[in-house]
Amino acid sequence: MAHEKYHDCIEACNDCAAVCEHCATACLNEDNVKMMARCIMLDRDCADICRLAAAFMARDSEEAAHICEHCAEVCRRCGEECRKHDVDHCRECAEACERCAEECEKMVQEMAAH
């Protein structure tokens, strides 16, 4: 079953989406919200693309590799932005984004090999 084949990547995407949503909300509670604007935007974009990637893999879509390739790019950008902020929720988000990007890149490579 497709969802078993992509289990680690789907799990990483779902986890990343949840952590990004938490980070965006926590950023809204920071003293200088304006400074966090790009982080919030990327968190929201990343959460959405992660959920989309998980759905495409779960249904074994022929477009899953393309979505995951883009997902990895968005995760990398989000993680880089989060690393600029010295707060726990951003550090945790950066780690989740990096894990997700790695899983997506691995999945794309495996799909390309078949």
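Identify all residues within the stretch 80-96 that are more than 14 Å from ALA24 (Cβ to Cβ) and in a helix (DSSP H, G or I); write none if there are none. Give the derivation first.
Of all residues in the stretch 80-96, those more than 14 Å from ALA24 (Cβ to Cβ) come to 80, 83-84, 86, 88, 91, 95.
Hits for the stretch 80-96 are GLU80, ARG83, ASP88, ARG91, GLU95.
Among the listed residues MET35, MET41, which satisfies the condition of being modelled with pLDDT under 95 and in a helix (DSSP H, G or I)? So that I can check it myself, show each step before the final result.
On the way: MET41 fails: modelled with pLDDT under 95.
Residue meeting the stated conditions: MET35.
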>> Quick check on the stretch 51-69: of everything there that is within 10 Å of the chain's Cα centre (by Cα) and not aliphatic (A, V, I, L, M), which residue is surrounded by the most Cβ atoms within 10 Å (Cβ to Cβ)?
In response: CYS68
> Is it fair to say ARG83 is among the charged types (D, E, K, R) and either in contact (Cβ under 8 Å) with a residue 12 or more places away in the chain or within 15 Å of LYS5 (Cβ to Cβ) (or both)?
Replying inline: no
> Which one of these does ILE67 not meet: (1) among the β-branched types (Val, Ile, Thr); (2) under 15 Å from ALA47 (Cβ atoms); (3) at pLDDT below 95?
Replying inline: (3)
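Picking from ALA37, ALA26, ALA55, which residue would you name as being in contact (Cβ under 8 Å) with a residue 12 or more places away in the chain and of a type outside the set (Ser, Thr, Tyr)?
Numbers: ALA37 fails: in contact (Cβ under 8 Å) with a residue 12 or more places away in the chain; ALA55 fails: in contact (Cβ under 8 Å) with a residue 12 or more places away in the chain.
Among ALA37, ALA26, ALA55, only ALA26 is in contact (Cβ under 8 Å) with a residue 12 or more places away in the chain and of a type outside the set (Ser, Thr, Tyr).
It is to be established whether one or more residues within the stretch 50-61 are among the acidic types (Asp, Glu), within 23 Å of GLU110 (Cα to Cα) and in a loop (DSSP other than H, G, I, E, B). Explain how you work it out, then say what you get.
Initial filter on the stretch 50-61 (among the acidic types (Asp, Glu)): 60.
Pick out the ones that are also within 23 Å of GLU110 (Cα to Cα) and you get 60.
Applying the additional criterion that residues be in a loop (DSSP other than H, G, I, E, B) yields 60.
Yes, that holds for at least one residue.
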> Under the condition of being at pLDDT 95 or above and of a type in the set (Asp, Glu), which residue from the stretch 70-95 is surrounded by the fewest Cβ atoms within 10 Å (Cβ to Cβ)?
Replying inline: ASP88
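The values are calculated or read from the model by the stated rules, or taken from the named source; none is laboratory data. The structure presented is a predicted model; accordingly, all values stated were derived computationally and were not measured. A quick note on method: Cβ atoms are made from the backbone with ideal geometry, for glycine too, and the neighbour counts reach across all protein chains shown.
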